[in-house]
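Worksheet for the structure shown next.
Values quoted throughout were computed directly from the atomic coordinates according to the rules given, and no laboratory measurement underlies them. Bear in mind that the values here come from a model prediction, so they are computed numbers and not experimental data. Positions of Cβ are generated from backbone atoms using ideal geometry, with glycine treated the same way; all protein chains shown enter the neighbour counts.
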Amino acid sequence: MITIRIKRTKDAMLPHYAHKGDAGVDLYSSEDVILEPMKIALVPTGISMAIPEGYEGQVRPKSGLALNHGIALVNSPGTIDSGYRGEIRIIAINLGKRPYTVEKGKKIAQMVFQRVEHASFEDVGELDETSRNEGGFGSTGLG
C-alpha cells in the first residue's frame, strides 16, 4: 500500500474506495459544472496530490456516468505524474443528447495508482522479425 498526501480546498471531498476490493478511488467535483451535449469541460476536484516517485495516478471514467448519461473522459486514461502538484481536473465530454450537470460533491471519475517503469532506448538499424512484423489495423482478421 502506498500513501498519497493530499492538499484540498475546504469543501473538496477526499478520494476514497467505495467498496472493499475496488481498484480505483472515486474523485468528486468541487463545483457545479454543466456539460452541454458534445462539449468538453474541465471539472475541478479541489484536490492536489503528492504521488510518490515510481507511481502514476490513472484517471478513468465512471461506468455509470458513461452508460446512463454519455459522460466520458477525453484523455482516458489520463496520467497524473508523480512530479505534478497542481489541482486534479477532469477533462469530461458529454456524448449524450441532453445537458448534464456535474453537481458539487458528486463522483466524476476514478483514479487507479500504478507503478511506473522507466525505459532506456537503444538506437538500432534493424528490429527482430516477428510473425506480425508491420501488420497493423485489421492484421488479426477483424475489420
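Some observations on this one:
- Taking the charge dipole of segment 5-115 about its Cα centre, with +1 at Lys and Arg Cβ atoms and -1 at Asp and Glu Cβ atoms, the residue from Asn75, Phe113, Gly64 reaching farthest to the positive side is Gly64.
- Contact order relative to length of the chain, as percent, for alpha carbon pairs under 8 angstrom and 6 or more apart: 29 percent
- Label separation (Lys10 vs Lys104): 1.1 nm, computed from points 7 Å beyond Cα along the C-beta direction.
- Site pair Val74 and Lys20 shows an inter-label distance of 4.0 nm when each label is modelled 7 Å from Cα along Cα→Cβ.
- When the helices of the chain are scored as -39500 (n - 2.57) per DSSP H run of n ≥ 4 and the total is divided over every residue, the value at 222 nm lands at -1000 deg cm²/dmol.
- In the set (i) -0.46, -0.61, -0.88, -1.15; (ii) -0.33, -0.46, -0.78, -1.20; (iii) -0.36, -0.52, -0.87, -1.19, the label that goes with log10 I(q)/I(0) by the Debye sum over Cα atoms at q = 0.10, 0.12, 0.16, 0.20 Å⁻¹ computed for this structure is (i).
- A simple spin-label model places the labels of Met1 and Ile91 3.3 nm from each other, with each point 7 Å out along Cα-to-Cβ.
- Here the relative contact order of segment 68-143, from alpha carbon pairs under 8 Å that lie six or more residues apart, stands at 25 percent.
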